[in-house]
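What follows is a single structure, written as structure tokens, with notes after it.
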Amino acid sequence: MIMKKNLIFLLSLVFLVSCSTEKEDDPDTVSRIISEDFAQEVIQDLVEEHGAEHQDRISRGIQQAAALWREGDGSARDFSNFCQQHFISDADERRLVFDRISRNFEYLYGYMNRISLELKVPVHLARGPVHQVDQLFSAYNPSAHIEDDFFNNQMAFLIILNFPYYSLEEKNENGAQWSPMEWAYVRLGDYFTARVPAKYSQQYAKASSDARLYISEYNIYAGELLDEQGNKLFPEGMNLLAHWNIRDEIKSNYGVEQGLPKQQMLYQVMLRIINQDIPKEVINTDEYQWDPFANQVFKEGETVDFQPEGDRRYQHLLNLFNALRQIDPYHPVLDNFIERRFDAQMEIPQQEVEDLFREFVGSPQVEKVAALIEERLGRELQPFDIWYDGFKARTGISEEELDQITKNRYPKAHDLEKDIPMFLRKLGFSHDTARFIAGHIQVDAARGSGHAWGASMRGKPSHLRTRIGEDGMDYKGYNIAIHELGHNVEQTISLHMVEDYMIRRVPNTAFTEALAFMFQVRDLELLDIRQDNPLKEHYDALDIFWGNYEIMGVSLVDMNVWKWMYDNPDATAEELKEATVEIAKDIWNTYYAPVFGVEDVPLLAVYSHMIQSPLYLSAYPYGHLIEFQIERYIQDKDFAEEVMRMFSIGRYTPMHWMDKAIGEQISNEPQFNAADRAVEKIREAMQ
Ligand SMILES: [Zn+2]
């Protein structure tokens with residue numbers, strides 16, 4: 001994973017929380033004070049003054065600025081004067097102004113990022129207890145006021161006027177002709193496209209942090225679960241955070257004795273969470289015993305009454321929707337969250353994402369892979385087998401042996417940091433490049449499972465946060481650390497080696513995930529452990545294929561729930577619950593029931609991301625699709641050379657990035673072909 005914080009820098013400023021109370025906007029000030037007609041007059045004046053060759057840019061800049069000009073910014077006459085004074089037609093002067101802004105934004109956002117990073121150190125790193133004061137600093141956002149400040153001092157208007165915004169459609173249509181510097185100008189135009197009053201941004205921030213808190217405290221005490229005969233199947237004290245740990249526990253019970261009843265029990269728990277008939281009493285406490293099949297709660301062997309959770313889960317989602325809907329009218333373009341998430345952040349239209357996912361989950365390859373899984377399991381598929389985990393290739397070395405190797409080599413964070421130049425050399429990076437990249441990566445011992453926090457200015461390091469146990473780094477931690485290293489390498493190349501600061505990074509999170517996955521699969525190679533399983537490549541292909549089949553279904557539910565909310569803006573939490581369950585069943589019945597042989601399963605609605613990170617899920621399958629295509633493209637090429645070339649392209653739209661990087665667009669085809677081949681090879685080997 002990468003930190004959400006970086007996402008904010010990676011994308012635009014649309015989501016910066018601002019809390020100035022100086023100019024408290026009213027909902028009715030959304031209505032513009034510069035009329036269309038008046039804006040047209042100003043456009044005509046400027047075109048007369050500067051010449052028709054500037055017509056397009058003048059008209060864009062003025063219309064966009066007019067839509068965001070508020071009463072507090074001045075009269076219509078002030079607006080006209082502002083445009084007269086600040087429109088730049090001379091190319092050299094425009095370049096000079098751009099360079100100044102680009103330089104200053106690098107310092108501004110670079111240090112803001114740095115401040116956040118430093119203030120969060122006590123919370124993020126494994127350094128003694130966390131005090132309340134640490135939490136307060138950690139939640140503080142130093143860049144919260146930048147957007148307000150730059151509208152107040154009119155810097156935002158100067159930028160809009162001279163470096164206007166282009167829609168995704170326009171970027172995709174014209175981007176092939178743009179030089180990297182023209183892309184940089186266009187990226188500057190993405191900065192100030194909305195003007196959201198502080199109170200609404202704060203309401204969203206509040207709804208969002210409430211939802212995160214709700215999810216972060218949703219532990220199910222597996223040790224207190226009872227089967228229909230009253231037996232406990234899980235060890236005393238085991239607790240599982242929904243849905244991640246419950247899913248992972250289902251995964252880890254394949255090929256294990258007594259695994260199936262445990263999986264069936266956890267599946268029941270998931271259904272109760274989705275349907276919200278889960279007893280409130282069993283969430284986040286181990287005070288009661290719970291039979292999730294009969295939905296009965298016990299204390300000291302006696303049945304006790306309970307309260308079902310009701311619709312709390314869906315109330316959080318609804319709160320997020322309502323907070324975002326209040327923000328919508330302050331976006332002159334992309335005035336709903338679905339469009340902002342897909343057109344502005346991911347830069348792939350929602351319909352395109354949905355079509356791609358539907359093509360995948362409805363593909364004939366699914367049936368073939370499912371049949372193979374059924375054979376390997378020796379039983380009919382059950383709904384939770386969307387998490388089948390039996391395609392992990394065996395290395396010939398046990399996890400315990402691997403743990404020993406990594407614990408010996410990496411007792412401290414610093415020991416891993418020392419090895420990064422050597423890792424990069426092994427992957428084929430030149431001596432100098434390896435030293436440069438490694439010199440910009442700092443490894444810290446983290447509290448959580450780890451993350452990669454990129455720098456937002458050149459010269460500052462990116463941080464690889466990794467979990468190191470008392471007795472050193474275990475193999476699981478090492479494997480994740482190498483994933484994070486992939487992010488850090490991307491963060492370093494795409495900041496230092498792009499043409500301009502304004503096109504730093506990659507098109508969206510899926511692209512950085514792709515490189516992280518590419519590093520992660522090479523983790524054993526970096527330890528000089530050769531993998532002799534000739535079928536490894538094919539097992540990996542099926543593992544990714546089945547993973548995408550699952551997560552694309554989950555993402556389809558997520559997207560369609562958001563569409564439903566926009567179609568039913570006055571819905572209650574109860575209605576939202578019913579609709580979500582219906583949508584999940586509908587996706588299941590179309591794409592999963594034919595494979596699993598059972599209808600009306602709402603399981604795809606279980607993901608916690610749906611509740612705390614709206615519309616984020618689609619990034620995961622895209623990461624794997626991109627990884628797959630890049631891997632195939634570089635098969636007969638030099639890994640390091642190609643990584644350097646691709647990740648220094650910069651932040652074009654996904655369409656233009658893919659075109660420049662590998663000369664083809666994101667598609668399912670490579671995974672379909674790989675799945676076909678893998679099923680064939682594995683079946684051959686089974687004979
Ligand atoms: Zn990641």
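I'd like to know if segment 161-168 contains one or more residues that are surrounded by fewer than 16 Cβ atoms within 10 Å (Cβ to Cβ), assigned to a helix (DSSP H, G or I) and either of a type outside the set (S, T, N, Q) or in contact with a His (Cβ under 6 Å, 6 or more places away or on another chain) (or both).
Going through segment 161-168, the residues surrounded by fewer than 16 Cβ atoms within 10 Å (Cβ to Cβ) turn out to be 167.
Next cut, assigned to a helix (DSSP H, G or I) only: none.
No; the residues of segment 161-168 include none that is surrounded by fewer than 16 Cβ atoms within 10 Å (Cβ to Cβ), assigned to a helix (DSSP H, G or I) and either of a type outside the set (S, T, N, Q) or in contact with a His (Cβ under 6 Å, 6 or more places away or on another chain) (or both).
Suppose we filter segment 241-286 for residues that are touching a residue at least 24 places away in the same chain (Cβ under 8 Å) and not in a helix (DSSP H, G or I); how many remain?
Residues that pass the stated criteria total 14.
So which of GLU499, GLU490 ends up being charged (D, E, K, R) and in contact with a Pro (Cβ under 6 Å, 6 or more places away or on another chain)?
On the way: GLU490 fails: in contact with a Pro (Cβ under 6 Å, 6 or more places away or on another chain).
The match here is GLU499.
Residues checked against (1) among the polar types (S, T, N, Q); (2) surrounded by 15 or more Cβ atoms within 10 Å (Cβ to Cβ); (3) assigned to a helix (DSSP H, G or I):
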site	(1), (2), (3)
GLN345	yes, yes, yes
ILE348	no, yes, no
ALA370	no, yes, yes
THR406	yes, yes, yes
ASP419	no, yes, yes
LEU424	no, yes, yes
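PRO621 - would you say it is assigned to a helix (DSSP H, G or I), in the same structural domain as ALA579 (by TED's automatic domain parsing) and within 16 Å of the ligand (Cβ to nearest atom)? Explain how you work it out, then say what you get.
On the way: assigned to a helix (DSSP H, G or I): yes; in the same structural domain as ALA579 (by TED's automatic domain parsing): yes; within 16 Å of the ligand (Cβ to nearest atom): yes.
So PRO621 passes the test.
Of the numbered conditions (1) assigned to a helix (DSSP H, G or I); (2) not assigned by TED's automatic domain parsing to the domain that holds ASN488, ARG379 satisfies every one except a single condition; which is it?
(1)
Residue check: is GLY396 assigned to a loop (DSSP other than H, G, I, E, B), of a type outside the set (Phe, Trp, Tyr) and free of Cβ contacts under 8 Å to residues at least 12 places away in the same chain? Can you show your working first?
On the way: assigned to a loop (DSSP other than H, G, I, E, B): yes; of a type outside the set (Phe, Trp, Tyr): yes; free of Cβ contacts under 8 Å to residues at least 12 places away in the same chain: no.
Spelling it out, it is not the case that GLY396 is assigned to a loop (DSSP other than H, G, I, E, B), of a type outside the set (Phe, Trp, Tyr) and free of Cβ contacts under 8 Å to residues at least 12 places away in the same chain.
Can you tell me which of (1) on the phi < 0 side of the Ramachandran plot; (2) at pLDDT below 95 is the one GLY396 doesn't meet?
Unmet for GLY396, out of (1) on the phi < 0 side of the Ramachandran plot; (2) at pLDDT below 95: (1).
Identify, from the list ALA452, ALA445, the residue that is away from the ligand (no atom under 15 Å from the Cβ) and of a type in the set (A, V, I, L, M).
Working: ALA452 fails: away from the ligand (no atom under 15 Å from the Cβ).
Result: ALA445 is the single residue among ALA452, ALA445 that is away from the ligand (no atom under 15 Å from the Cβ) and of a type in the set (A, V, I, L, M).
Residues to consider are SER398, SER462; find the one that is more than 16 Å from the ligand (Cβ to nearest atom) and either over 27 Å from the mean Cα position of the chain (by Cα) or crowded, with 16+ Cβ neighbours inside 10 Å (or both).
Details: SER462 fails: more than 16 Å from the ligand (Cβ to nearest atom).
Result: SER398 is the single residue among SER398, SER462 that is more than 16 Å from the ligand (Cβ to nearest atom) and either over 27 Å from the mean Cα position of the chain (by Cα) or crowded, with 16+ Cβ neighbours inside 10 Å (or both).
Among the numbered conditions (1) under 24 Å from the mean Cα position of the chain (by Cα); (2) in contact (Cβ under 8 Å) with a residue 60 or more places away in the chain, tell me where TYR140 comes up short.
(2)
Conditions first: (1) aromatic (Phe, Trp, Tyr); (2) buried (at least 24 other Cβ atoms within 10 Å of the Cβ); (3) away from the ligand (no atom under 16 Å from the Cβ). TYR478 passes all but one, so which condition is the exception?
The single condition TYR478 does not satisfy is (3).
Taking segment 150-160, which residues are farther than 13 Å from GLY72 by Cα and surrounded by fewer than 19 Cβ atoms within 10 Å (Cβ to Cβ)?
If we filter segment 150-160 for residues that are farther than 13 Å from GLY72 by Cα, which is where we start, we get 150, 155-160.
Those that are farther than 13 Å from GLY72 by Cα and surrounded by fewer than 19 Cβ atoms within 10 Å (Cβ to Cβ): PHE150, MET155.
Would you confirm, using the coordinates I've provided, whether ARG677 is in a helix (DSSP H, G or I) and touching a His at 6+ places or on another chain (Cβ under 8 Å)?
Working: in a helix (DSSP H, G or I): yes; touching a His at 6+ places or on another chain (Cβ under 8 Å): yes.
Here the answer is yes, as ARG677 does meet what is asked.
Could you tell me which of the residues ILE503, ILE468, ILE437, ILE529 is of a type in the set (A, V, I, L, M), surrounded by fewer than 18 Cβ atoms within 10 Å (Cβ to Cβ) and more than 16 Å from the ligand (Cβ to nearest atom)?
Working: ILE503 fails: surrounded by fewer than 18 Cβ atoms within 10 Å (Cβ to Cβ); ILE468 fails: surrounded by fewer than 18 Cβ atoms within 10 Å (Cβ to Cβ); ILE437 fails: surrounded by fewer than 18 Cβ atoms within 10 Å (Cβ to Cβ).
ILE529 is the lone residue from the list that is of a type in the set (A, V, I, L, M), surrounded by fewer than 18 Cβ atoms within 10 Å (Cβ to Cβ) and more than 16 Å from the ligand (Cβ to nearest atom).
Condition check ((1) on the phi < 0 side of the Ramachandran plot; (2) surrounded by fewer than 16 Cβ atoms within 10 Å (Cβ to Cβ)) across all residues:
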position	(1), (2)
TYR620	yes, no
GLU631	yes, no
GLU642	yes, no
MET646	yes, no
THR653	yes, no
GLY663	no, yes
ASN668	yes, no
VAL679	yes, no
ARG683	yes, yes
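Would you be able to say whether some residue in segment 485-493 is more than 14 Å from the ligand (Cβ to nearest atom), more than 27 Å from ALA619 (Cβ to Cβ) and hydroxyl-bearing (Ser, Thr, Tyr)? Give the steps one after another, and end with the answer.
First pass over segment 485-493, keeping only residues more than 14 Å from the ligand (Cβ to nearest atom): 492-493.
With the extra rule that they be more than 27 Å from ALA619 (Cβ to Cβ), the set shrinks to none.
No - not one qualifying residue is present in segment 485-493.
If you go through segment 190-212 one residue at a time, do you hit one that is free of Cβ contacts under 8 Å to residues at least 40 places away in the same chain and either in the same structural domain as MET270 (by TED's automatic domain parsing) or not in a helix (DSSP H, G or I) (or both)?
Within segment 190-212 (the criterion being free of Cβ contacts under 8 Å to residues at least 40 places away in the same chain and either in the same structural domain as MET270 (by TED's automatic domain parsing) or not in a helix (DSSP H, G or I) (or both)), the answer is no, since none of the residues qualifies.
Residue-wise test of (1) surrounded by 19 or more Cβ atoms within 10 Å (Cβ to Cβ); (2) within 16 Å of the ligand (Cβ to nearest atom); (3) modelled with pLDDT of 85 or more.
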site	(1), (2), (3)
ILE2	yes, yes, no
GLU24	no, no, no
THR29	no, no, no
ARG32	no, no, no
PHE38	no, no, yes
GLU48	no, no, yes
HIS54	no, no, yes
ARG57	yes, no, yes
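For ALA510, indicate whether it is in contact (Cβ under 8 Å) with a residue 40 or more places away in the chain, of a type in the set (Gly, Ala, Ser), within 14 Å of the ligand (Cβ to nearest atom) and farther than 19 Å from PRO411 by Cβ.
So ALA510 passes the test.
The values are calculated or read from the model by the stated rules, or taken from the named source; none is laboratory data. In this text, all values refer to a predicted model and were calculated from it rather than measured experimentally. For neighbour counting, all protein chains shown are included, and Cβ atoms are generated from backbone atoms with ideal geometry for every residue, glycine included.
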